[in-house]
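Heads up: the structure comes next, in structure tokens.
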Amino acid sequence: MAKKHDLELIVHHYADLCNDLCKIDPALYERYEVKRGLRDKSGQGVLAGLTKISHIQSFDEEDGKRIPCDGKLYYRGYEINELTQGFLRENRYGFEEVAYLLLLGSLPKQAELEQFKEALAACRSLPTNFVRDVVMKAPSHDIMNSLSKSVLTL
């Protein structure tokens, strides 16, 4: 298990990579008329935003015309069905690889994946007495409410 200082360095390293990778040029907001926030100047709801993480394709272009198509979801340029088919074909889980892709912009090499998994594992432990003080002392008939409350407590 990583020491606390080492874990902090790893977390800061990943946070810096995420921040650098996900910056959107402020000029693009004006260029594409994307509003920052939930409403535009006239009070209308915002319909879209800018992201470098995902893309939804809902139209095809044919002869200069936009034609509706079955939607496709892309994460960092990878079509989601292609990603999941690879995991299914190889009979393995893909959570950590997709998390790495979403956060850091590329699929990890094996060594990067192992380091990332170790960092995630080091962050999984619950605070001392968390189960006793938060979960057991405040039982609920609504498991989702209990889970939500517990996560917020962390």
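Tabulated values for the structure
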| quantity | calculated |
| --- | --- |
| Student exercise, the chain dipole from Lys, Arg, Asp, Glu Cβ charges, in Debye to nearest 20 | 660 debye |
| Fully extended contour minus Cα-Cα distance, from PHE59 to HIS141, at 0.36 nm per residue | 25.0 nm |
| Ascending count of other beta-carbon atoms within 10 Å, so fewest first, for ASP16, ASP6, ASP63 | ASP63, ASP16, ASP6 |
| Reach of LYS149 by Cα under 19 Å, taken over aspartates and glutamates that are not fewer than 8 positions away in the same chain | ASP133 |
| Inter-probe distance in nm under a simple model that places probes 7 Å from Cα toward Cβ, at LYS23 and TYR74 | 2.4 nm |
| Proximal aspartates and glutamates relative to LYS109, as straight alpha-carbon distance under 13 Å, when same-chain residues fewer than 8 apart are discounted | GLU96, GLU97 |
| Nearby aspartates and glutamates by direct alpha-carbon distance to LYS65 (threshold 12 angstrom, same-chain neighbours under 8 apart not counted) | none |
| Sites ASN81 and LEU113 - FRET efficiency at Förster radius 22 Å, r taken between beta-carbons, to 0.05 | 0.55 |
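Where a number appears in this text, it was derived from the coordinates with a stated rule and is not lab data. Please read all numbers here as calculations on a predicted model, not as lab measurements. When we count neighbours, we look across all protein chains shown, and the Cβ atoms used for this are built from the backbone with ideal geometry, even at glycine.
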